[in-house]
1. I need to check one value: relative contact order of region 2-114, counting alpha carbon pairs closer than 8 Å and at least 6 residues apart, in percent.
2. In region 47-82, whose amide N lies under 18 Å from the spot 7 Å out along Cα-to-Cβ of residue 36? List them in ranges.
3. Taking other Cβ within 10 Å of each residue's Cβ, how do 49, 42 sort, fewest first?
4. Inverting the mean 1/r over all pairs of different Cα atoms, compute the Kirkwood radius of region 1-79 and quote it in Å.
5. Find how much the distance from residue 61 to residue 43 grows on full extension, using 0.36 nm per residue of separation minus their present alpha carbon separation; answer in nm with one decimal.
């Protein structure tokens, strides 16, 4: 389920702040991070998390993955676990899946700024073929 992966991508960098929602310092830190990551990302993450939190609290693996991501947003194993747990949750709750899908569709710009693709090409005269939308940042080493 693609929506689960998108949610994990959106929520991961904000997880330290989402787990402390209601604390003024967490709110401010989330806003500042949202400013760096792109317009609307913090508000979209907060809205999505508010919808997910009651369900996530009933799934110990999802809770553990959220805590792990609050400590290291790049933890691939925690991201995979959270994605799998969200897939299961959203499959069991189609209304929630539809609601979150609508949110992500309405806020597609915020989600697009959070999505990354990394390609590594080695060797001489290699060609990478593909398409992209949005801004592109090419770094050559």
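What follows draws every value from the coordinates through simple rules; no lab data is involved. Treat the numbers as computed from the prediction; the structure is a model and nothing was measured. All Cβ positions, even for glycine, are placed from backbone atoms using ideal geometry, and neighbour counts span all protein chains on display.
1. Numbers: 116 pairs, mean separation 43.4, N = 113.
About 38 percent, as a whole number.
2. 69-75
3. Details: 49 20, 42 24.
Lowest count first: 49, 42.
4. Values: mean 1/r = 0.0797 Å⁻¹.
Evaluated over region 1-79, this radius sits at 12.5 Å.
5. On the way: separation 18, 0.36 × 18 = 6.48 nm, distance 2.51 nm.
Length gained between residue 61 and residue 43: 4.0 nm.
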